[in-house]
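The values are calculated or read from the model by the stated rules, or taken from the named source; none is laboratory data. What you are looking at is a predicted structure, and each value in this text was computed from that prediction instead of being measured. Methodologically, a virtual Cβ is constructed for each residue, glycine included, from the backbone with ideal geometry; neighbour enumeration extends over all protein chains shown.
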Amino acid sequence: MSAEVEEWFAAAGPREAELRRVDALVTAAAPGIDRQVVPVGSGRMLGYGLMPYRPRSARETTTWPLIALAAQKRHLSLYVCAVVDGAHLAEARADRLGRVSCGKSCIRFTSLDRVDHEALTALLQDAVAATRAGDNVYSAG
């Protein structure tokens, strides 16, 4: 594990253990996925699987993580940036993920114990597979 990733975990203080649990679930669901700290605004997230991304307002393509993990004030956020068959996977499967709150690409929870591990693992695996197959149109949406 890189020193930067270790520093990111350590900076989470009392949430470090929970972030490590989520990280273990992500890396088990997507073995071999690359992982790095990604700057976002004034903060930083742990990003997995950089992919080409071009927001509608941009002229140039950049990179963005397929999956990202962040600690917010009251919850953890797991972003799954995958749009397949016209639907954001996180939003489309929100009802299967347990006691979570979902946005289009964001899954929010206070503890991994509130999340259905099988459903989340399947969602992550499907996001990775769709991206590898070229079926993830997130960067266009």
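Looking for something in contact with a strand residue (DSSP E or B) (Cβ under 6 Å, 6 or more places away or on another chain) and either without any contact (Cβ under 8 Å) to a residue 24 or more places away in the chain or assigned to a helix (DSSP H, G or I) (or both) - is there at least one such residue anywhere in region 38-46? Before the answer, list the steps.
First, pick out the residues of region 38-46 that are in contact with a strand residue (DSSP E or B) (Cβ under 6 Å, 6 or more places away or on another chain): 38, 44-46.
Keeping just the survivors that are either without any contact (Cβ under 8 Å) to a residue 24 or more places away in the chain or assigned to a helix (DSSP H, G or I) (or both) gives none.
Scanning region 38-46 turns up no residue that is in contact with a strand residue (DSSP E or B) (Cβ under 6 Å, 6 or more places away or on another chain) and either without any contact (Cβ under 8 Å) to a residue 24 or more places away in the chain or assigned to a helix (DSSP H, G or I) (or both).
Go through region 64-87 residue by residue and tally those that are under 18 Å from residue 47 (Cα atoms) and either surrounded by fewer than 15 Cβ atoms within 10 Å (Cβ to Cβ) or free of Cβ contacts under 8 Å to residues at least 24 places away in the same chain (or both). Before the answer, list the steps.
Within region 64-87, the first condition is being under 18 Å from residue 47 (Cα atoms), and the residues that meet it are 64-72, 75-83.
If we keep only those that are either surrounded by fewer than 15 Cβ atoms within 10 Å (Cβ to Cβ) or free of Cβ contacts under 8 Å to residues at least 24 places away in the same chain (or both) as well, we get 72.
Number of matching residues: 1.
Could you please let me know if residue 100 is surrounded by 13 or more Cβ atoms within 10 Å (Cβ to Cβ) and within 20 Å of residue 46 (Cβ to Cβ)?
Numbers: surrounded by 13 or more Cβ atoms within 10 Å (Cβ to Cβ): yes; within 20 Å of residue 46 (Cβ to Cβ): yes.
So residue 100 fits the description; yes.
Identify, from the list 16, 118, the residue that is modelled with pLDDT of 95 or more, surrounded by 12 or more Cβ atoms within 10 Å (Cβ to Cβ) and either among the aliphatic types (A, V, I, L, M) or not in a strand (DSSP E or B) (or both). Don't jump to the end; show me each part of the working.
On the way: 118 fails: surrounded by 12 or more Cβ atoms within 10 Å (Cβ to Cβ).
After applying the criteria, what remains is 16.
Please pick out the residue among 85, 95, 113 that is over 15 Å from the mean Cα position of the chain (by Cα) and at positive phi.
Values: 95 fails: at positive phi; 113 fails: at positive phi.
Within the list 85, 95, 113, the selection yields 85.
Let me spell it out: the conditions are (1) of a type outside the set (Lys, Arg); (2) under 16 Å from residue 27 (Cα atoms); (3) assigned to a strand (DSSP E or B); (4) free of Cβ contacts under 8 Å to residues at least 40 places away in the same chain, and residue 129 meets all of them except one. Which number is the exception?
(3)
Taking region 53-74 on its own, how many of its residues are of a type in the set (D, E, K, R) and in contact with a helix residue (DSSP H, G or I) (Cβ under 9 Å, 6 or more places away or on another chain)? Steps first, answer last, please.
Filtering region 53-74 for residues of a type in the set (D, E, K, R) gives 54, 56, 59-60, 73-74.
After this cut, where a residue has to be in contact with a helix residue (DSSP H, G or I) (Cβ under 9 Å, 6 or more places away or on another chain) as well, the list is 54, 56.
Residues meeting the conditions: 2.
Could you grab me the full set of residues in region 22-37 that are crowded, with 16+ Cβ neighbours inside 10 Å and assigned to a helix (DSSP H, G or I)?
Of everything in region 22-37, those that are crowded, with 16+ Cβ neighbours inside 10 Å and assigned to a helix (DSSP H, G or I) turn out to be 22, 23, 25, 26, 29.
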